[in-house]
Amino acid sequence: MKIHEYQAKQILARFGVPIPPGEVASTPEEAEEAARRLQKRVVVKAQVHVGGRGKAGGVKLARTPEEAGDAARRIIGMDIKGIAVRKVLVEEAADIAEEYYLGITLDRAVRRSVVMVSAVGGVDIEEVAAETPEKIARLHVDPAMGLADFQIRQVCYASGIRKTAVGPASKFLRALYEAYTATDASLFEINPLALTKDGQVIAADAKINIDDNALFRHPDFQEYQEESEEDPIEAEAHRRHIQYVRLGGTVGIIGNGAGLVMATLDEVKRAGGAPANFLDIGGGARAELVRNALEIVLMDREVKGVVFNVFGGITRCDEVAKGILEATAAMKICVPLVVRLTGTNEREGRALLTGTNLIPAETMQEAALHIVNLVG
């Protein structure tokens, strides 16, 4: 779950992470009043779940409350990468001497969280990682031991930040790591981490992603979720309790079990296709769920064909076949469907599909080649 910058900073403040004073506003009048209460030069920032706000004109400096109101008037309602701005953060403008980068996320390759620190902040960290990776210091954290103070100092020194900033940056990182672990986050990103002219470090910007699977432990985070800013198909899948991720390709993919779906994505890609989505119907899927899954996939107008890859363990292949038949009977489907069923009741499942427009496949590789050839 993505949350807004102002919400991220509310969380950071609970753990003692230094943030600039600020208020969120939904109207130009509220922004002007917020700036008046701050009594300082402020920055007015669009609150949307995408990057590149500054380049799009969604971040403006204001010297007076009137200027803050004018800035909010220009920002609220503007479109940034397809998302309309509903709110702005009015925040005290920091007197910045240098900008750094600080991030914590999960490195799935080594199954550990990784801390990243760089003296190059305020720019796209992806570009830095691609062009000058040596400018990013990394530290993988042992989940059993946690993050030690000496490790914090080491990664800060290795990053190349100013030596006088290592002390306050280390204290900042300690609080940030505690917040990261306590909130079950998948990403904490501070860019830029601002070093002020008086030697303080503050989170000039903040991005936090929370692991959806841990939300049951954080009921207070539910209020942060805003479906209006999610992909509309993903939002509908969430309402139907379906595990779906939109990927932007043309081949719809439905399977049971995350590993099998991921393998199917790989095979479609290997065959020259572009996967449109990840969709896992899970174990023991009944006909109604399979029908819902197909409806979700076909909501994407870019989908030119769909492949089913089902291994019948707990899931019965005949139930999956019933779901596919129910869906195709109730919907107007104008794209080819390739179905691979193997495992529990596979003969019964294939028998149900005999004489239909569905295209059978014996193996995952065969199914991938079929659908890619049909989609073209």
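Please treat every number below as a calculation from the coordinates, not as lab data. All figures in this text were calculated on a predicted structure; none of them were measured in a lab. Here the Cβ positions follow ideal geometry from the backbone for every residue, glycine too, while neighbour counts run over all protein chains shown.
The string of couplings for segment 12-19 from the Karplus curve (6.51, -1.76, 1.60, θ = phi - 60°) is 4, 4, 4, 9, x, 7, x, 9 Hz, one whole number per residue in order, with x for Gly and Pro.
Under the simplified labelling scheme, the residue 222-residue 144 pair shows an inter-label distance of 3.7 nm, with each label point 7 Å from Cα along Cα→Cβ. Helix 65-75 and the longest principal axis of the C-alpha atoms of the chain enclose an angle of approximately 20°. What the phi angles of segment 43-50 give under the Karplus curve with 6.51, -1.76 and 1.60, with θ = phi - 60°, is a coupling list of 10, 9, 10, 4, 10, 9, 8, 9 Hz, glycine and proline written as x.
Over all directions, the projected convex hull of the C-alpha atoms in the chain averages 21.0 nm² in area. With the largest listed first and rounded to whole Å, the semi-axes of the equivalent ellipsoid of segment 232-375 from the Cα gyration tensor are 19, 17, 15. Sorting the segments 9-16, 190-197 by their residues' average number of neighbouring beta-carbon atoms within 10 angstrom, most packed first, yields 190-197, 9-16. When each of the peptides 122-128, 47-53 is scored by how many other beta carbons lie within 10 Å of its residues on average, the order from highest to lowest is 47-53, 122-128. Set against the 2.2 N^0.38 Å expectation for a compact globular protein, segment 21-92 has a Cα radius of gyration ratio of 0.97. Nearest-5 percent of antiparallel DSSP beta bridges in the chain? Percent antiparallel among DSSP bridges in the chain is about 75.
On a full-extension model of 0.36 nm per residue, what is the gain between residue 288 and residue 342, subtracting their alpha-carbon distance, rounded to one decimal in nm?
Gain in length upon complete extension: 17.5 nm.
For residue 112, the residues whose amide H sits under 5 Å from its own are 107, ignoring neighbours fewer than 5 places away on the same chain, with H placed 1.01 Å from N. Angle check, please: helix 163-182 long axis (alpha carbons) against the longest principal axis of the chain (alpha carbons), in degrees 0 to 90, nearest 10. Rounded to the nearest ten degrees, it is 40. Take every pair of alpha-carbon atoms less than 8 Å apart whose residues are at least six positions apart; their mean separation over the length of the chain yields a relative contact order of 12 percent. A Förster radius of 41 Å, combined with the Cβ-Cβ distance separating residue 197 from residue 269, puts the computed FRET efficiency at roughly 0.25.
Helix 317-330 and the longest principal axis of the C-alpha atoms of the chain enclose an angle of approximately 80°. Estimated at 0.36 nm per residue, the fully extended path between residue 215 and residue 27 surpasses their Cα-Cα distance by 64.6 nm. Legend: residue pairs 60/207; 9/81; 40/135; 135/197, Cα-Cα distance threshold 29 Å; pairs beyond threshold, 40/135. Taking every DSSP helix (H) stretch of at least 4 residues in the chain, weighting each as -39,500 (n - 2.57) and dividing the sum by the residue count yields a mean residue ellipticity at 222 nm of -11000 deg cm²/dmol.
The alpha-carbon atoms of segment 39-157 define a convex hull whose volume equals 155 cubic angstrom per residue.
Once the Cβ-Cβ distance between residue 39 and residue 112 is put in as r, and R0 is 35 Å, what FRET efficiency do you end up with, to the nearest 0.05?
Working from the Cβ atoms, E equals 0.20.
Annotation: amide H of residue 97 within the under-5 Å range of 195, 196, 197, sequence separation 5 or more or interchain, hydrogens built in the peptide plane.
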